[in-house]
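**Student:** Take this structure first; my questions come after.
The values are calculated or read from the model by the stated rules, or taken from the named source; none is laboratory data. Since we're looking at a predicted model, the values are computed, not measured. Neighbour counts are summed over all protein chains in view; Cβ atoms, including those assigned to glycine, are modelled from backbone coordinates with ideal geometry. Keep in mind that these areas ignore ligands, DNA and RNA; they rest on the heavy atoms of the full protein, side chains included. Shrake-Rupley method; radii C 1.70, N 1.55, O 1.52, S 1.80 Å.
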Amino acid sequence: MASPYLENPVDIGAQIVQRALHRERVIRDKQNPLAFSDEHLYERYRFSSEGMLYLCRLLEPHIKNPTRRSHATTVPQMICIALRFFASGTYLYEVGDAEKLSKNTVCRTIRRVVIALQRYINTFIVFPGHLPTVAIKEGFSKIAGFPRVIGAIDCTHIPISTPTKQIEADYLNRKATHSINVQMTCDHQCMVTSLDARWPGSMHDTQIFEKSFLCQRFQEGLFDGLLVGDQTYACQSFLMTPYPGPETKPQHDFNMALSQTRLKIDTTFAILKARFNCLRDLRVSPERASQIVGACVILHNIATIRKERVPNEYDLPPDDIDPFTQDHPAGRAVRDAITAEYFT
C-alpha cells in the first residue's frame, strides 16, 4: 500500500521495478541520420556509419545545397534518402514517409545523388581491376586451377517500366517482360570491373559483347589474359566458353573448372541485387535505369573495397542460357591448347 505521507507515494517494490525497467533517454540529432548503430544503418542503407561518412565526403562537393534556408536537406540526409531507395526498391512516397520528406524531395535527391555517383564511374569501375593483373590471375586460378583468367563475364536483365510505344518492342526480352540487358565483368573478389548498361532486353549477350568497348580492347590485344563465360558467348581467342559436347575426361574437367571459375560473376550479380533491391524492378525509363544501375555498381564496389557487410542471404541467379554455338576457330584452338596443358 502506498503511503499518503510520502512525497512520492509509490511502494518500495514498485520503485525497484521502475528502476530496473528505466532506460536512459537518448536524444538524437534529427539533422544527423548517421547517429544510429551500424546495425540500424546497415539494415536500412547497406553501409556502416564510417562507410556513409565516406560517401558524404566523396559526394558533398556535388550534392551539397548552397543554403540552409527553408530547412534544406543536409548531405547525410541526401545520402540516406538515396541509399534507402537503392536498398529497398520501394516506392518514392514510402521512402519519403520513412525519411519524413515529400515525394518530390525524395525524387530530386535520388536524381542528384545518381548523377554525382556517375562522375566516379571510371574511378571505381576499371578493367581488369584495381589489383595487379598477376594477382587477379592468381586469385582466379585458386578457385579451380583455370589459367590466365582476368575476368568473368555475363549479362543480367534489370526489369524496367514499359517504354514508349516507339521503342517498346526493343525492350521486350525472351520472357516477354521489359528490361535492359546489362553486361558486367568481375574479378575474383566480386568487384565489378566493367559495365555496359545501355542495351535493350531483346539484345543477345553475344551481340552486346561484340559491340562493347571491352571487346574492342581485347581485339586490339591490350590485355594479357582471358575472360570466361558460359555457352551464351562464342568461344574466342580471349573468351573461353565450355565445350558444347564434351567427349573426353579432359574436356569434362575443362568445363568443370571453367564453370566454377565463371561462377564469380553469378555471385556478383546475386550480391549486387541483394544489396540493392531496387535492381529487381526499376520503375523508370531505360535511360534512368541505366544510370541507376551504374550508381549501384559504383556503390557495390565501394562497399567491397571498404569491406562492408555482405548481405546474409542472396540467391544465385538460375541458369538461363540461350546457347551460341558458332565458336571462332581461334577460340577453339586456344581452348584445346589449355585443355591439353592443364587438364590432361
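**Student:** Filter the stretch 104-130 down to the residues that are buried (at least 16 other Cβ atoms within 10 Å of the Cβ) and assigned to a loop (DSSP other than H, G, I, E, B) and list them by number.
**Tutor:** Selection gives Y120, I125, F127, P128, G129, H130.
**Student:** Something else: Given the conditions (1) out of contact with any Leu (no Cβ under 7 Å at 6 or more places or on another chain); (2) under 17 Å from I292 (Cβ atoms); (3) of a type in the set (A, V, I, L, M), which single one is not true for A72?
**Tutor:** Here A72 clears every test but (2).
**Student:** Does S212 satisfy the criteria of being touching a residue at least 60 places away in the same chain (Cβ under 8 Å), of a type in the set (S, T, Y), touching a strand residue (DSSP E or B) at 6+ places or on another chain (Cβ under 6 Å) and within 24 Å of L258 (Cβ to Cβ)?
**Tutor:** Against the criterion (touching a residue at least 60 places away in the same chain (Cβ under 8 Å), of a type in the set (S, T, Y), touching a strand residue (DSSP E or B) at 6+ places or on another chain (Cβ under 6 Å) and within 24 Å of L258 (Cβ to Cβ)), S212 does not qualify.
**Student:** Here's something else I'd like to know. For the subset of the stretch 300-312 comprising residues that are open to solvent by 70 Å² or more (accessible area, probe 1.4 Å) and touching a helix residue (DSSP H, G or I) at 6+ places or on another chain (Cβ under 7 Å), which member is nearest to Q118 (Cα to Cα)?
**Tutor:** The extreme case among them is R306.
**Student:** Between I292, I265, which is closer than 15 Å to L117 by Cβ and in contact (Cβ under 8 Å) with a residue 12 or more places away in the chain?
**Tutor:** Of I292, I265, the one residue that is closer than 15 Å to L117 by Cβ and in contact (Cβ under 8 Å) with a residue 12 or more places away in the chain is I292.
**Student:** Would you please list the contacts, defined by Cβ atoms under 6 Å and residues six or more apart or on different chains, that run from a residue in the stretch 136-151 that is within 14 Å of F254 (Cα to Cα) to a residue that is open to solvent by 50 Å² or more (accessible area, probe 1.4 Å)?
**Tutor:** Within 6 Å, the pairs are I143/Q260; A144/Q260; P147/Y342.
**Student:** Shifting gears a bit: What number of residues within the stretch 75-103 are open to solvent by 50 Å² or more (accessible area, probe 1.4 Å) and modelled with pLDDT of 90 or more?
**Tutor:** 1
**Student:** Which of the residues belonging to the stretch 131-143 are of a type outside the set (D, E, K, R), closer than 16 Å to C190 by Cβ and either open to solvent by less than 60 Å² (accessible area, probe 1.4 Å) or not in a loop (DSSP other than H, G, I, E, B) (or both)?
**Tutor:** Result: A135, I136, G139, F140, I143.
**Student:** Another question, if that's okay. Report the residue count in the stretch 34-53 for those that are open to solvent by 50 Å² or more (accessible area, probe 1.4 Å), within 15 Å of I302 (Cβ to Cβ) and of a type in the set (D, E, K, R).
**Tutor:** Residues that pass the stated criteria total 1.
**Student:** What pairs come up if the first residue lies in the stretch 84-97 and is on the phi > 0 side of the Ramachandran plot, the second is part of a helix (DSSP H, G or I) and open to solvent by less than 30 Å² (accessible area, probe 1.4 Å), and their beta carbons are under 6 Å apart, counting only those six or more places apart or on different chains?
**Tutor:** What qualifies is G89/C278.
**Student:** Filter the strands (runs of 3 or more DSSP E) completely within the stretch 152-233 down to those with at least 2 residues that are more than 23 Å from Y120 (Cα to Cα).
**Tutor:** 226-228
**Student:** Would you confirm, using the coordinates I've provided, whether A257 is under 18 Å from the mean Cα position of the chain (by Cα) and assigned to a helix (DSSP H, G or I)?
**Tutor:** no
**Student:** Could you list, in sequence order, all residues of the stretch 212-236 that are open to solvent by 50 Å² or more (accessible area, probe 1.4 Å) and touching a helix residue (DSSP H, G or I) at 6+ places or on another chain (Cβ under 8 Å)?
**Tutor:** Scanning the stretch 212-236 gives a single hit, D224.
**Student:** Condition test on Q251, is it open to solvent by 30 Å² or more (accessible area, probe 1.4 Å), farther than 24 Å from E94 by Cβ, in a helix (DSSP H, G or I) and not hydroxyl-bearing (S, T, Y)?
**Tutor:** Yes, satisfied.
**Student:** Another question about this same structure. Return a yes/no flag: does the stretch 154-164 have any residue that is in contact (Cβ under 8 Å) with a residue 24 or more places away in the chain, charged (D, E, K, R) and open to solvent by 50 Å² or more (accessible area, probe 1.4 Å).
**Tutor:** No: the stretch 154-164 contains no residue that is in contact (Cβ under 8 Å) with a residue 24 or more places away in the chain, charged (D, E, K, R) and open to solvent by 50 Å² or more (accessible area, probe 1.4 Å).
**Student:** Taking only the stretch 268-295 into account, find how many residues are under 17 Å from W199 (Cβ atoms) and within 9 Å of the chain's Cα centre (by Cα).
**Tutor:** Residues meeting the conditions: 4.
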